[in-house]
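The values are calculated or read from the model by the stated rules, or taken from the named source; none is laboratory data. Since the structure is predicted, the reported quantities are computational estimates derived from the model, not experimental observations. Here the Cβ positions follow ideal geometry from the backbone for every residue, glycine too, while neighbour counts run over all protein chains shown.
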Amino acid sequence: MEKTSVRSAGYVRDICYIAIFTAIIAVMAQISIPLPAGVPLTLQTLAVPLAGIVLGAKRGTISTVLYVLLAIIGVPVLANMGGGAGMVFGITGGFILSFPIMAFLSGLVSDKGLKSPVYWLGLLAGVVINYVIGTIWFVFAASSTFAAAFTACVLPFIPTGIAKWILSGILGDTLKRAMKKANLL
């Protein structure tokens, strides 16, 4: 009986953490700066790797899948309170759909306890995959050339992408260690 209640408490805790990080991603999406090419600058890409680092590969990925599913069914969780399949599968859809991969890679390097430089390279791989999938998606969804898509989807975001990559790595590791020390993970 005691084993079952401990396991149930673990499931409830997991569900709560997944929901909290899904909400954090949704809130961070609202911090958005529209850019002329149609790809807004948001803080989702800071929150997504944080979910993976803090929650681990499995729970972090689940939180981002839940976020994407909420967006698809129309819950206004995307930038500027957007939602719906049209937005998820629109010109910026590749970025959104790559979030679970980004969270998984971040969680994987965090779960393995990998230290610099492998930790940082794993986080960077998630960022690069987000850009690659988002840019390729943009090419097809916007009937664009790769050069135009790269100019719209990557170039303006390189400085902030680097800042979010470093910040997510530092914040995520710090938060995860603090939560473990407090026996919350």
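State whether one or more residues within the stretch 12-35 are at positive phi and among the small types (Gly, Ala, Ser). Walk me through how you get there before you give the answer.
The initial filter retains those residues of the stretch 12-35 that are at positive phi, namely none.
No; the residues of the stretch 12-35 include none that is at positive phi and among the small types (Gly, Ala, Ser).
What tally of residues in the stretch 97-113 results from selecting those that are over 17 Å from the mean Cα position of the chain (by Cα) and modelled with pLDDT of 95 or more?
Here is the first cut: in the stretch 97-113, the ones over 17 Å from the mean Cα position of the chain (by Cα) are 112-113.
Among the residues that remain, those that are also modelled with pLDDT of 95 or more are: none.
The qualifying residues number 0.
Out of the stretch 161-185, which residues are touching a residue at least 12 places away in the same chain (Cβ under 8 Å) and under 17 Å from the mean Cα position of the chain (by Cα)?
Within the stretch 161-185, Gly161, Lys164, Trp165, Leu167, Ser168, Gly169, Leu171, Gly172, Asp173, Leu175, Lys176 meet the criteria.
Please give the number of the condition Ile15 fails out of (1) within 26 Å of Asp111 (Cα to Cα); (2) buried (at least 18 other Cβ atoms within 10 Å of the Cβ).
Ile15 satisfies every listed condition except (2).
Condition (residue is under 16 Å from the mean Cα position of the chain (by Cα) and either among the aliphatic types (A, V, I, L, M) or surrounded by fewer than 15 Cβ atoms within 10 Å (Cβ to Cβ) (or both)) applied to the stretch 78-87: is it met by at least one residue?
Kept after step one, since they are under 16 Å from the mean Cα position of the chain (by Cα), are these residues of the stretch 78-87: 78-79.
Next cut, either among the aliphatic types (A, V, I, L, M) or surrounded by fewer than 15 Cβ atoms within 10 Å (Cβ to Cβ) (or both) only: 78-79.
Yes, because at least one residue in the stretch 78-87 is under 16 Å from the mean Cα position of the chain (by Cα) and either among the aliphatic types (A, V, I, L, M) or surrounded by fewer than 15 Cβ atoms within 10 Å (Cβ to Cβ) (or both).
Please find, within the stretch 140-185, the residue that is surrounded by the fewest Cβ atoms within 10 Å (Cβ to Cβ) out of those that are basic (Lys, Arg) and over 24 Å from Pro40 (Cα atoms).
Lys181
Gly94 is checked against (1) at pLDDT 95 or above; (2) buried (at least 22 other Cβ atoms within 10 Å of the Cβ); (3) small (Gly, Ala, Ser); (4) over 13 Å from the mean Cα position of the chain (by Cα) and fails just one. What number does that condition carry?
Condition not satisfied by Gly94: (4).
Report, ordered by the first and then the second residue, all pairs with beta carbons closer than 6 Å, sequence separation of six or more or different chains, a first member in the stretch 112-134 that is buried (at least 16 other Cβ atoms within 10 Å of the Cβ), and a second member that is among the β-branched types (Val, Ile, Thr).
Tyr119/Val109; Gly122/Val109; Tyr131/Val154
Identify the single condition in (1) on the phi > 0 side of the Ramachandran plot; (2) in contact with a helix residue (DSSP H, G or I) (Cβ under 7 Å, 6 or more places away or on another chain) that Asn183 does not satisfy, given that it satisfies every other one.
Of everything listed in (1) on the phi > 0 side of the Ramachandran plot; (2) in contact with a helix residue (DSSP H, G or I) (Cβ under 7 Å, 6 or more places away or on another chain), Asn183 misses just condition (2).
Would you pick out the residues in the stretch 135-160 that are among the β-branched types (Val, Ile, Thr) and without any contact (Cβ under 8 Å) to a residue 12 or more places away in the chain?
Within the stretch 135-160, Val139, Thr145, Ile158 qualify.
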